[in-house]
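The values are calculated or read from the model by the stated rules, or taken from the named source; none is laboratory data. These numbers come from a predicted model, not from an experiment. Cβ placement follows ideal geometry from the backbone for every residue including glycine, while neighbour counts extend to all protein chains displayed. Note: accessible area is taken over every heavy atom of the protein model, side chains too, but ligands, DNA and RNA are not part of it. Shrake-Rupley method; radii C 1.70, N 1.55, O 1.52, S 1.80 Å.
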Amino acid sequence: MRSNSQKDSVKILEELKSLSFTGSIAFHCNNEPLLDSRLASWIKKARDLLKSNFFYLYTNGILLNIKLANDLFEAGLNRIIVNNYDDRFETLPSIGGVLNNLRCLKGEVILNYRFKKECLQNRAGQNPDVKSFLREPLDIICARPSKELVIGYNGIVPLCCADTAWKEVMGNIRETSLKDIWFSDFLRKSESR
């Protein structure tokens, strides 16, 4: 018997294939993807159905090593982007081990040095570490919801990856199709706000 997450994944992948989706697929969203021991199998399932899409993920790199990186690349991942959080710009030992063996890698690794308390954005006003960069909300439209869909572990499709608390829910893939969510009245109304 398959779990809901397995059923959801197969449904998503089959829908993307039926739509001839050619965009990128990210295996992360405000989480550490390398904590999931099933990650390579998820990537392989995706690659089996979506032969030419670009697959990538962001990680803090703590769990990364050559074997895991190559397992992910062999499963079908194209790129690993490592956010190395260190205020002195010292590379974590795990990341250093990967970087010292780039010739052995079967895919691309990009390293970003980041400060431990770095805050690049306020996550749609939901980042608890940011009081506020703005005195008033900007009167502009965010382009992210018209370019990408985020699907949570429970099938929820929030308006945007920056909506970390999932306050604005566009739909749930367990209840409707990706296509219906993407072309929903909710998204059209959100874009016109």
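Here residue 138 meets the list (1) surrounded by 13 or more Cβ atoms within 10 Å (Cβ to Cβ); (2) at pLDDT below 85 almost entirely, failing just condition (1).
Residue 110: modelled with pLDDT of 85 or more and open to solvent by less than 40 Å² (accessible area, probe 1.4 Å), yes or no?
no
Examine region 4-14 for a residue that is closer than 15 Å to residue 76 by Cα, part of a loop (DSSP other than H, G, I, E, B) and touching a helix residue (DSSP H, G or I) at 6+ places or on another chain (Cβ under 9 Å), and state whether such a residue exists. No. Collect the residues in region 143-167 that are touching a Pro at 6+ places or on another chain (Cβ under 9 Å) and exposed (fewer than 15 other Cβ atoms within 10 Å of the Cβ), keeping them in residue-number order. The answer is 165, 167. Please go through region 31-52 and give me each residue that is over 14 Å from residue 9 (Cβ atoms) and of a type in the set (D, E, K, R), ordered by number. Residues satisfying the conditions are 32, 51.
Taking the criterion of being open to solvent by 30 Å² or more (accessible area, probe 1.4 Å), over 15 Å from residue 77 (Cα atoms), of a type outside the set (S, T, N, Q) and in a helix (DSSP H, G or I), the residues of region 16-52 that qualify are 17, 35. Report yes if residue 65 is under 21 Å from residue 28 (Cα atoms), touching a strand residue (DSSP E or B) at 6+ places or on another chain (Cβ under 9 Å) and at pLDDT 85 or above, otherwise no. Answer is no for this residue. When residue 68 is tested against (1) surrounded by 19 or more Cβ atoms within 10 Å (Cβ to Cβ); (2) assigned to a helix (DSSP H, G or I), only condition (1) is not met.
Filtered by the rule that a residue be basic (Lys, Arg) and part of a loop (DSSP other than H, G, I, E, B), region 92-114 gives a lone residue, 106.
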